[in-house]
Every structure is written in C-alpha cells, then in structure tokens.
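Working notes, structure below.
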Amino acid sequence: MRIELVDLEGGKGEFAHVYQPAELDLGDERASLCAPASISGRIRQTGNEVFVNGQVDACVQVDCDRCLQPIKLPVKSDFSLEYITGSEYESTRTAELTEDLMSVSVFDGQSLDIDEITKEQVLLLVPARSLCKEDCQGFCPTCGADKNAGDCSCTEVEIDPRWAALKNMMNGKS
Ligand SMILES: [Zn+2]
Ligand SMILES: [Zn+2]
C-alpha cells in the first residue's frame, strides 16, 4: 500500500491496513508473520517534511536459538517517523548534522510506502535473541536429540584432562 501525498487533504491524512501473513514478506529468514498485522497512523506534511505517527500490532514467528522450535511473539509498538526529500536532505545535511537528522528518512517526495514502514517497524520489534523458554536445553551436541524431550542415551562425561592422565596411568598406559 502506498500513499500519494497529493491525495492528502490540507497536508493531512490517516491510514490503516491489516496485512495478511502472505501479503507481507518481512524479508528476514529469521522471522515471519504468524497472524495478520495491523498498522494505523496519521500523516502530516509541512513543506518538504512529512511526519508519520502510528501504531503497529503483529505476531511474529521466530525460531528458538537453542532448539529451533517455532516461537510466536506478539509485538506492538508506537512509532514516529520523519521523511524529507533527497534535495532537502542534501541542503540541510551540510548546515547542521544533528542527531535529529540521523533519524530522518529520505523519500522521493511523492509517496510513502506503508508496506515498507510496516516491515521496518515489525522487524525492529524482533528480539536479537529468542528462547522458547528461559532454560531451554537445546540439542545434545553428540547425537543431536532435543534435550527438552528428555535425556538422550549419550553419557555426558567430561573428564578433566589431569584426571584422564591419572586414569591412564592406573590402567597401565602412560
Ligand atoms: Zn528452545
Ligand atoms: Zn545425545
């Protein structure tokens, strides 16, 4: 969904859309939508600047970092974005490179891509690390079994190298 700025009445407008999971590819192999994602907000244009305020509400499916089980995470957030045209950015950039300007996005001055905004906002909410549960046991490094399902038959003996040497001596091997 794109919003053409010429369609805004008096430089103002509102938008709302519900994306079906198949409709919005997050473009991230780690995460996908597990339920329809909704976005809504307001657009305000003043001169070459466009302000977008809104809210995104979605459910993201990611894999557990340890056992790869799918996890569904409800995510919800308010956002506030600022857009300026490329030429406006060029002229203000040299004048004052403030931190404010760093959070500004450059756009073509014609339209806003709501799909992109939704994608960006949802991905911002995906945690860098995710576990299905705090104490997820993950896989056995030896046989690959999911240790959450129970202990595998691998014996987990970690012998201190010094004890190993002693054991070898006792066995008559040096
Ligand atoms: Zn897990
Ligand atoms: Zn094992």
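Numbers below:
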| quantity | calculated |
| --- | --- |
| Spin-label zone in the range 24-57 - amide nitrogen under 18 Å from a point set 7 Å from the Cα of S91 along the C-beta vector | 45-51 |
| Distance (nanometres) between label positions extended 7 Å along Cα→Cβ at D28 and Q55 | 2.2 |
| Total formal charge among the other residues, if their Cβ is under 15 angstrom from that of P36, Lys/Arg +1 and Asp/Glu -1 | -1 |
| Formal net charge of residues neighbouring V56 (Cβ-Cβ distance under 14 Å; K, R +1; D, E -1) | -2 |
| Label-point separation, D113 to L125 (7 Å along Cα→Cβ), nm | 2.1 |
| Probe 1.4 Å, protein heavy atoms only - accessible area per residue of the range 1-123 in square angstrom | 58 |
| Carbon + sulfur, % of accessible area of the range 1-90 - ligands and nucleic acids excluded, 1.4 Å | 44 |
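The values are calculated or read from the model by the stated rules, or taken from the named source; none is laboratory data. Being a predicted model, the structure only gives us computed values, none of them experimental. Cβ coordinates were reconstructed from backbone atoms using ideal geometry, including for glycine residues, and neighbour counts include every protein chain displayed. When the accessible area is computed, the model is the full protein with side chains, heavy atoms only, and any ligands, DNA or RNA have been set aside. Shrake-Rupley method; radii C 1.70, N 1.55, O 1.52, S 1.80 Å.
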